[in-house]
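Written out below as structure tokens is the structure these notes cover.
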Amino acid sequence: MTHDHDLVLRPTEAQISSALNPPPGRNGGDLVVETLAGLGATTVFGLPGQHALGMFDALRRSSLRYVGLRVENNAGFAADAYGRITGEAAPLLLSTGPGALTSLAALQEAAAASAPVLAISSQVPTAGLGGGRHGYLHELPDQAASFRGVVKSVHTVRTQSQIPSAIAAAWKSALTAPHGPVWVEIPQDVLLAATSLPVVTAMDAAPEDLAPRPELTAVAADLLSRAARPAIIAGGGVVRSDASGKLRALAEKLDAPVVTTFGGKGAFPWNHPLSLQSWLEDRHTTDFLEDADVLLVIGSGLGELSSNYHTFRPRGRVVQIEADAGKLESNHPALGIHADARLALQALLETVEERTDASAPQRVRELLAKVAGRIAGQELALEQDVLASVRRALPADSPSFWDMTILAYWAWSAFDAHAPNTMHSAQGAGGLGYGFPAALGAAAADPTRPVLAVSGDGGALYSIAELATARQYDLPVTWLIVDDGGYGILREYMTDAFGQATATELTRPDYVALAESFGVPGVRTSPETLEADLAKALASPGPSVVVLPAVLRMFAPTHLGQHVHPAVVRL
């Protein structure tokens, strides 16, 4: 008896001929790039190194587009953004030891933000694996150990025949909810050795669906249907699973107000009558959420930033939907549902009963008015005007990437992302230097629309080398650098905590002249001319830099009884 799947898997005569007569001149690196192409990859990021030359040599025999950055960590940030924008696993090609380790901070951000990055690193020759001290260049006793606590999975290859399967397994891991970075390492000699293995063709590495358990969604639907004051917290998992439409449908069916976390920006329409926007660092919002008798948390672990620094104490029943099992009930007791946000929202839509609450929009308006009143009493017109100028200058469908800087902290709470998957920041891991290289990765993913990067002068110094990358590939990224002469947020935190700041002041270059030295147009602007200058730069082809000298301040925090200064989580 012949089964259908037998017919599908049977090779054609042409495939048999090709397999028996593979083209000459191939090496282990060809198996890497062929596998990536077979999985559907079109673009790879990275930086070459001595042990990885087999992979990079193979690129010239492949159809893959290579985008090379100047620092491995920046290449990781670019891959992170490419993964966020496309939803595809972004290949990141790296060399051994120092090159690999330099990517760690970027991979930590990808892990915190659930961005699918497929990092493929070289290793010392096979004889050096296992911890022996052979003295190879870049040798580490256990390179993979440096990554196990950061990435979703680690895959070490020892022979060429293992390459396609290892990369396919890593690809599947990266794209299975929750998305995240994965690590593959391949010894130098395996990459360089000639291969007689057949050309790798289409690979099957479809990610597994993470569906909710129906008995749990039935309980959740019952709780929400009978709630008097339901509310919803929507996190980054809603954006990553492309579930914003289902979230809106559920909120409207329940008349439930929705607040988005900083990682979930754009998951719910900013000006919707049920939108609480993103004012999570505000006690008024915290009180509103605590008052909900049923709180639905989707795609968030309710971590430090999403819980107003762990001052949030829900009094009602919590239903938490989260793809990362380790985050379920990690901060609050809940009906925990381990599932992809999209599949769980669909299950709830099919089972909840429609409820009507005419008071919900009014309660939302009252909450937002309280927030606006609190901010209005702090003499922060400059900060609000600058953020509003950025929003008006940025096209509605253009993505933006924000470094760890005061204007970004404002944007977390006060910026209308206009759509899901358009505003991104490094708030997951909280490292400096994310904004500009990430924006380059987004522009590589979609060069048809301008991309905005926002950095402070301190964060900008992490990424200056990538002006060369922007120019080399002519990527349409406008880089807004807010120059306040140092690490502005740390200056503010230290002054508040200790009366004066230490180690926060910086000697910095003339950023306009520096940009122009790379062949990138630059302009110095002011708060009054920012909107026009930024809009002009965004409308111009290729990269550009806009420098805004300004000292911005943060709005006053509202979390009470803190034990650790908030600056700690933003270093």
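The values are calculated or read from the model by the stated rules, or taken from the named source; none is laboratory data. What you see is a predicted model, and the numbers here were worked out from it, not measured in a lab. Counting neighbours? That spans all protein chains shown, and the Cβs are built from the backbone with ideal geometry, glycine included. Just the protein is used for accessible areas: all its heavy atoms, side chains included, with ligands, DNA and RNA removed. Shrake-Rupley method; radii C 1.70, N 1.55, O 1.52, S 1.80 Å.
In the set 405, 356, only one residue is touching a helix residue (DSSP H, G or I) at 6+ places or on another chain (Cβ under 8 Å), in contact (Cβ under 8 Å) with a residue 40 or more places away in the chain and not basic (Lys, Arg); that residue is 405. Starting from residues that are within 12 Å of the chain's Cα centre (by Cα) and in a loop (DSSP other than H, G, I, E, B), keep the ones in the stretch 412-430 and report whichever is farthest from residue 372 (Cα to Cα). Once the filter is applied, the top-ranked residue is 429.
In the stretch 175-193, is there at least one residue being outside any helix (DSSP H, G or I), within 22 Å of residue 59 (Cβ to Cβ), modelled with pLDDT of 95 or more and open to solvent by 10 Å² or more (accessible area, probe 1.4 Å)? Talk me through it step by step, then tell me what you get.
So the first thing to find is which residues in the stretch 175-193 are outside any helix (DSSP H, G or I), and the list is 176-187, 193.
In the following step, the residues that additionally are within 22 Å of residue 59 (Cβ to Cβ) were identified as 181-187, 193.
Remaining after also requiring modelled with pLDDT of 95 or more: 181-187, 193.
Next, from what is left, pick out any that are open to solvent by 10 Å² or more (accessible area, probe 1.4 Å): 193.
Yes: one or more hits.
Evaluation of residue 280 against the conditions (1) in contact with a strand residue (DSSP E or B) (Cβ under 9 Å, 6 or more places away or on another chain); (2) more than 25 Å from residue 85 (Cα to Cα); (3) crowded, with 22+ Cβ neighbours inside 10 Å; (4) of a type outside the set (Gly, Ala, Ser) shows that the sole unmet condition is (2).
Residues that are touching a His at 6+ places or on another chain (Cβ under 8 Å) and open to solvent by 10 Å² or more (accessible area, probe 1.4 Å) do occur in the stretch 130-140.
Checked against (1) out of contact with any Leu (no Cβ under 9 Å at 6 or more places or on another chain); (2) open to solvent by less than 30 Å² (accessible area, probe 1.4 Å), residue 421 passes all but condition (2).
Any residue at all in the stretch 393-406 that's among the charged types (D, E, K, R), over 17 Å from the mean Cα position of the chain (by Cα) and open to solvent by 60 Å² or more (accessible area, probe 1.4 Å)? Checked the stretch 393-406: at least one residue is among the charged types (D, E, K, R), over 17 Å from the mean Cα position of the chain (by Cα) and open to solvent by 60 Å² or more (accessible area, probe 1.4 Å).
Of everything in the stretch 12-37 that is outside any helix (DSSP H, G or I) and not basic (Lys, Arg), the residue that is modelled with the highest pLDDT is 27. Of everything in the stretch 212-223 that is open to solvent by 60 Å² or more (accessible area, probe 1.4 Å) and either in contact (Cβ under 8 Å) with a residue 60 or more places away in the chain or of a type in the set (A, V, I, L, M) (or both), the residue that is farthest from residue 114 (Cα to Cα) is 219. Applying the criterion of being touching a helix residue (DSSP H, G or I) at 6+ places or on another chain (Cβ under 7 Å), of a type outside the set (Val, Ile, Thr) and assigned to a loop (DSSP other than H, G, I, E, B) to the residues of the stretch 141-154, the residue that is most open to solvent (accessible area, probe 1.4 Å) is 152. Residue selection: residue 476 fails the criterion of being over 28 Å from the mean Cα position of the chain (by Cα) and either crowded, with 18+ Cβ neighbours inside 10 Å or farther than 25 Å from residue 83 by Cβ (or both). Of all residues in the stretch 224-234, those being surrounded by fewer than 20 Cβ atoms within 10 Å (Cβ to Cβ) and assigned to a helix (DSSP H, G or I) number 2.
Here's the yes/no breakdown for (1) open to solvent by less than 20 Å² (accessible area, probe 1.4 Å); (2) closer than 20 Å to residue 400 by Cα; (3) touching a residue at least 24 places away in the same chain (Cβ under 8 Å); (4) in a loop (DSSP other than H, G, I, E, B):
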residue	(1), (2), (3), (4)
75	yes, yes, yes, no
78	yes, yes, yes, no
83	yes, yes, yes, no
88	no, yes, yes, yes
93	yes, no, yes, no
96	yes, no, yes, yes
106	yes, yes, yes, no
110	yes, yes, yes, no
115	yes, yes, yes, yes
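From the list 540, 526, the one residue that fits, being open to solvent by less than 40 Å² (accessible area, probe 1.4 Å) and over 25 Å from the mean Cα position of the chain (by Cα), is 526. For the stretch 235-251, a residue qualifies if it is under 22 Å from the mean Cα position of the chain (by Cα), crowded, with 18+ Cβ neighbours inside 10 Å and of a type outside the set (A, V, I, L, M), and the qualifying residues are 235, 236, 237, 240, 241, 244, 246. Taking the criterion of being of a type outside the set (Val, Ile, Thr) and within 15 Å of residue 178 (Cα to Cα), the residues of the stretch 235-262 that qualify are 235, 236, 237, 240, 241, 242, 243.
One line per residue, one yes/no per condition, for (1) outside any loop (DSSP other than H, G, I, E, B); (2) over 23 Å from the mean Cα position of the chain (by Cα):
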| site | (1), (2) |
| --- | --- |
| 271 | no, yes |
| 292 | no, yes |
| 332 | no, yes |
| 342 | yes, no |
| 349 | yes, yes |
| 358 | no, yes |
| 370 | yes, yes |
| 373 | yes, yes |
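Within the set 462, 434, the sole residue that is surrounded by fewer than 24 Cβ atoms within 10 Å (Cβ to Cβ), touching a residue at least 24 places away in the same chain (Cβ under 8 Å), aromatic (Phe, Trp, Tyr) and touching a Ser or Thr at 6+ places or on another chain (Cβ under 9 Å) turns out to be 462.
Can residue 457 be described as open to solvent by less than 10 Å² (accessible area, probe 1.4 Å), modelled with pLDDT of 95 or more, more than 19 Å from the chain's Cα centre (by Cα) and not aromatic (Phe, Trp, Tyr)? The answer is yes for residue 457. In the stretch 320-336, which residue that is of a type outside the set (S, T, N, Q) and buried (at least 23 other Cβ atoms within 10 Å of the Cβ) is farthest from residue 152 (Cα to Cα)? In this case the residue turns out to be 321. I want to confirm something. Restricting to the stretch 437-454 and keeping residues that are of a type outside the set (Asp, Glu) and open to solvent by 10 Å² or more (accessible area, probe 1.4 Å), which single residue is farthest from residue 487 (Cα to Cα)? Among them, the one singled out is 448. Among the residues here, residue 495 qualifies as modelled with pLDDT under 95 and open to solvent by 40 Å² or more (accessible area, probe 1.4 Å).
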